[in-house]
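Step one of this worksheet: look at the structure below.
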Amino acid sequence: MPNTVTPLPVAAEPAPTPSLDPRPAVLLLHGLCANPLEMMPLARALRDAGYVVEAPALEGYGVVPPAAGAPAPTRRRAVPPFEAWVEMAAAHFDALAAKHARVAVGGLSMGAVLTLALALERPAAALMLLSTSLHFDGWNVSPWRRLLPLAYVPPLRQWLSFRETPPYGIKNERLREWVAQAMNASHVSAAGADRLPAASLHQASRLIRHVRRDLHRIDAPAIVLHASEDDVSGARSVLELQRRLGTTPEVHWFHHSYHMLTLDNERGAVTQAARQFLLRQVPVADPAERFSPLTATEDLRHEQHA
């Protein structure tokens, strides 16, 4: 009987590795009990500059406005631990990193703290830190704030919430009135929800402690944008970033806005400063975009410190 040899199956050609999108990507993180609407002015400016931008809503961290005509939700959702917030942000970062060679991250308020937490876990190409809330010591914060940890004791933190009060982080009176009307109608606006659950504040406090402990490990290029009249978080947060970050941040102060820098009077100057920083650190393909001039309507009344 002749010897027979069963031929080995021909190995399949390996699937070609898809080339990465040459455009850098940017992940924008909204604030606590807020939503991506507050990031839209910055997102539009960065998209216009050539970046791929994602500004996701994070479940259990943010509050999404109800659809037009839909009733406001009456059932309070469970608040996951801050580690879950970081994991959700990391999942969005990883999805972008799978398609783009470089991913920058930015955030507003507690979103800036979440940005720092993500930078401890992922290789962000650059960081944009707007109204960073490492400390709640702004001029509109109640002196009773120091007693807030008492509300973190279970089961109190599952039931207590704290109403937001004017000026809602906004100096522009017309915009502030619009925010108040939206909060009255649906309990949430572009500036966030009308109430902050104690459970959310408890997890935010834990997130802040986690980040502050390891600030020295963060060495990605960073820009810090902050209002000199921030009603939520004063200059102490900026000074700590300057002193303890593992990199020397570029710092911009704005003198005609409150906490919600992306929505308030100087939003044009805020977005332009962030965009120019990003174009220097994570350039797009078209060099003409790198130093495009401000339009006449964009406010330049701020100071920069290297």
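Read the figures in this text as sums done on the coordinates, not as results from a lab. Quantities reported herein were computed from a predicted structural model and do not represent experimental measurements. Backbone-built Cβ (ideal geometry, glycine too); neighbour counts: all protein chains shown.
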* To do: Subtracting the Cα-Cα distance from 0.36 nm times the residue separation, let me have the gained length for E121 to A84 in nm, one decimal.
  => 12.0 nm
* Residue list for the stretch 264-283, given a label point 7 angstrom along the Cα-to-Cβ vector of R44 and an amide N cut-off under 19 Å -> 264-276
* Structure fact -> Between the modelled labels at R206 and S19 (7 Å from Cα along Cα→Cβ) the distance in nm is 4.6 nm
* Using a Förster distance of 22 Å, the FRET efficiency for A57-T165 (Cβ separation, nearest 0.05) -> 0.35
* Structure fact -> By the mean-Cβ-within-10 Å protection proxy, highest first, 165-178, 35-48, 109-122 rank as 109-122, 35-48, 165-178
